[in-house]
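Asks: Sharing a structure with you now.
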Amino acid sequence: MTTTPHPATRTAALAAFALLPVLALTACSSSGEERSIGQSASVEVAKGHHVDVTVLALEAGTAADLAQLKDSSQYAGRTPYYLRYSYIKTQDEKVRWTGDFEVHGDDGPLTQLDVLPSLDSTGNPDDPFDVRTFEKCESGTDFDKVPKGGTVEGCDIFLTDTGGGTPKDVKWVDDSDKTLVTWK
């Protein structure tokens with residue numbers, strides 16, 4: 001005796017089967033690898049060139065930290081977060097990197113703030129300038145000058161929007177906006 005499935009059951013089964021490739025693609029392309037803060041990931045920073053990247057910490061600063069910056073009133077109501085990281089050089093070649101960190105909160109990526117050192121005149125001809133840096137968050141040695149196997153530690157500043165909440169993750173995103181690694 002041969003039984004034929006009810007048409008509604010057969011339609012539901014075919015629909016579920018048709019969705020399998022879509023679900024598989026969605027699951028594979030979401031957020032790349034996941035790591036905990038403190039864990040390293042091998043990240044392709046240029047075609048065929050990998051660097052071991054570790055998010056060491058994401059620390060909240062205060063509004064007072066930003067008060068020392070020129071035109072600090074433009075940062076009113078915003079909170080700085082200091083992303084501390086390390087890179088381990090795995091190859092000797094110099095390359096142009098094609099990705100970078102993003103810090104994400106509930107409303108999307110936070111704004112990255114680049115603070116350049118300032119030069120103040122000392123009035124001393126033997127030492128004419130005093131270089132001032134943002135001491136809360138300084139970067140280390142130039143990565144290209146480090147030998148293979150060497151480590152560079154650095155820090156980037158990210159700002160919440162006015163009244164924004166705390167960050168929820170850190171991502172390494174390539175130039176095509178594809179997330180390769182997410183640290184939580």
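The values are calculated or read from the model by the stated rules, or taken from the named source; none is laboratory data. Quick caveat: nothing in here was measured; it's all calculated off a predicted structure. Cβ coordinates were reconstructed from backbone atoms using ideal geometry, including for glycine residues, and neighbour counts include every protein chain displayed. SASA here: full protein model, heavy atoms, side chains in, ligands and nucleic acids out. Shrake-Rupley method; radii C 1.70, N 1.55, O 1.52, S 1.80 Å.
Asks: Filter segment 158-172 for residues that are assigned to a strand (DSSP E or B) and open to solvent by less than 10 Å² (accessible area, probe 1.4 Å); which is farthest from residue 33 (Cα to Cα)? Write out each step before concluding.
Replies: Taking segment 158-172 as the starting set, the residues that turn out to be assigned to a strand (DSSP E or B) are 158-159, 169-172.
With open to solvent by less than 10 Å² (accessible area, probe 1.4 Å) added as a condition, the list becomes 158-159, 170, 172.
On the way: 158: 22, 159: 25, 170: 12, 172: 10 Å.
For segment 158-172, the residue satisfying everything is 159.
Asks: Output the residues belonging to segment 64-105 that are open to solvent by 50 Å² or more (accessible area, probe 1.4 Å) and under 12 Å from the mean Cα position of the chain (by Cα).
Replies: Answer for segment 64-105, where residues must be open to solvent by 50 Å² or more (accessible area, probe 1.4 Å) and under 12 Å from the mean Cα position of the chain (by Cα): 84, 100, 102.
Asks: Quick one: residue 80 ticks every box in (1) over 22 Å from residue 167 (Cα atoms); (2) in contact with a helix residue (DSSP H, G or I) (Cβ under 6 Å, 6 or more places away or on another chain) bar one, so which box is it?
Replies: Of the numbered conditions (1) over 22 Å from residue 167 (Cα atoms); (2) in contact with a helix residue (DSSP H, G or I) (Cβ under 6 Å, 6 or more places away or on another chain), the odd one out for residue 80 is (1).
Asks: Being charged (D, E, K, R) and within 16 Å of the chain's Cα centre (by Cα): is that true of residue 144 here?
Replies: Numbers: charged (D, E, K, R): yes; within 16 Å of the chain's Cα centre (by Cα): no.
Here the answer is no, as residue 144 does not meet what is asked.
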